[in-house]
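The values are calculated or read from the model by the stated rules, or taken from the named source; none is laboratory data. What you see is a predicted model, and the numbers here were worked out from it, not measured in a lab. Because the Cβ atoms are built from the backbone with ideal geometry, glycine has one as well, and the counts that use them run over all protein chains shown. Remember, those area values only see protein heavy atoms, side chains included, never the ligands or the DNA or RNA. Shrake-Rupley method; radii C 1.70, N 1.55, O 1.52, S 1.80 Å.
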Amino acid sequence: VYLTPILEGETVVLNNVFFASNSSELLPSSEAELNTLTDLLKKNPQIIIEISGHTDNTGNPSSNMELSNKRALSVKTYLETKGISSERLISKGYGQTKPIAENTTEEGKAKNRRTEFKIIRK
């Protein structure tokens, strides 16, 4: 499998990070994806990332912002438990403010409920 390098400033969606419904509790099925990210960070100790949480537009915007913040923080905490320094990790929730798909279909809403990381410094 050919892998393209991740560039500084580039955002990557973590497709297999899952949370309990309306919660910031990471589900066990997220571990493989998060361990891959952990390995990337361990192999590249100079990288600093921002972990971002996003929601769809269902519900209250302020509640969505709070949930997305808590979810990003949960991912940050997971990485810290795996030995990644907190100084290399920034967590931020964006709520429903940065959709990548329409919020008019279930498929679009599912795409908008996501966790991403962006390389801040490489």
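Pick from the stretch 17-52 the residues that are of a type in the set (S, T, N, Q), in a loop (DSSP other than H, G, I, E, B) and in contact (Cβ under 8 Å) with a residue 60 or more places away in the chain: which of them is most open to solvent (accessible area, probe 1.4 Å)?
So the first thing to find is which residues in the stretch 17-52 are of a type in the set (S, T, N, Q), and the list is 21-24, 29-30, 35-36, 38, 44, 46, 52.
Imposing the further condition that a residue be in a loop (DSSP other than H, G, I, E, B) reduces the set to 21-24, 44, 46.
Pick out the ones that are also in contact (Cβ under 8 Å) with a residue 60 or more places away in the chain and you get 44, 46.
On the way: ASN44: 47, GLN46: 82 Å².
Per the criteria, the residue is GLN46.
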key: ASN64 part of a loop (DSSP other than H, G, I, E, B), touching a residue at least 24 places away in the same chain (Cβ under 8 Å) and farther than 24 Å from GLU10 by Cβ   = no
remark   = Filtering the stretch 75-122 down to residues that are open to solvent by 60 Å² or more (accessible area, probe 1.4 Å), basic (Lys, Arg) and within 15 Å of VAL12 (Cα to Cα) yields LYS92, LYS98, LYS111, ARG113, LYS118, ARG121, LYS122
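Residues of the stretch 71-89 being hydrophobic (A, V, I, L, M, F, W, C) and either in contact with a Phe, Trp or Tyr (Cβ under 7 Å, 6 or more places away or on another chain) or not in a helix (DSSP H, G or I) (or both), which ones?
Applying the first criterion (hydrophobic (A, V, I, L, M, F, W, C)) to the stretch 71-89 yields 72-73, 75, 79, 84, 89.
Across the stretch 71-89, the qualifying residues are ILE84, LEU89.
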query = Scanning for something hydrophobic (A, V, I, L, M, F, W, C), over 26 Å from ARG121 (Cα atoms) and modelled with pLDDT under 95, does the stretch 21-40 turn up at least one residue?
reply = no
ask   = Taking ILE6, is it assigned to a strand (DSSP E or B), open to solvent by 30 Å² or more (accessible area, probe 1.4 Å), of a type in the set (A, V, I, L, M) and touching a residue at least 24 places away in the same chain (Cβ under 8 Å)?
value = no
